[in-house]
Structures are given as C-alpha cells and as structure tokens.
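Reviewing the structure listed below.
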C-alpha cells in the first residue's frame, strides 16, 4: 500500500517526502481536532467512581 502511494505521488523524492509529511500532519490534525474529541465521551476512562 505504501509503495502504491509513493509511486502515485508527483515530483522528485524531496517533493514526495514533503507531501507525505504534510499528509501525516493533516491526519494528526484531523484526529486530534475532530475524531478523538468525538470519541472521548464514549470512552469509559473518565468514570472515576471507586466502590468499597
């Protein structure tokens, strides 16, 4: 899969590396900006009840 993406990116190697880094940064921004906050209320990690 990564080889397929690499082959389909335009330009020489430095341009391809820049495009890959931009895509990764964009994915991180989307995950931390929208996906993780949308999933946070559904996760049981914030249940702070301690039973005796």
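The values are calculated or read from the model by the stated rules, or taken from the named source; none is laboratory data. Keep in mind it's a predicted model, so treat the numbers as computed, not measured. Here the Cβ positions follow ideal geometry from the backbone for every residue, glycine too, while neighbour counts run over all protein chains shown.
Applying the selection to segment 3-36, what residues are exposed (fewer than 11 other Cβ atoms within 10 Å of the Cβ), in a helix (DSSP H, G or I) and over 13 Å from the mean Cα position of the chain (by Cα)? I'd like the intermediate steps shown before the answer.
Here is the first cut: in segment 3-36, the ones exposed (fewer than 11 other Cβ atoms within 10 Å of the Cβ) are 3-4, 7-8, 10-14, 21-22, 24-26, 28-29, 32-34.
So of that shortlist, the ones also in a helix (DSSP H, G or I) come out as 3-4, 7-8, 13-14, 21-22, 24-26, 28-29, 32-34.
3, 4, 7, 8, 13, 14 - these are the residues of segment 3-36 that are exposed (fewer than 11 other Cβ atoms within 10 Å of the Cβ), in a helix (DSSP H, G or I) and over 13 Å from the mean Cα position of the chain (by Cα).
The conditions are (1) on the phi > 0 side of the Ramachandran plot; (2) at pLDDT below 95, and residue 11 fails exactly one of them. Which is it?
Residue 11 satisfies all of (1) on the phi > 0 side of the Ramachandran plot; (2) at pLDDT below 95 except (2).
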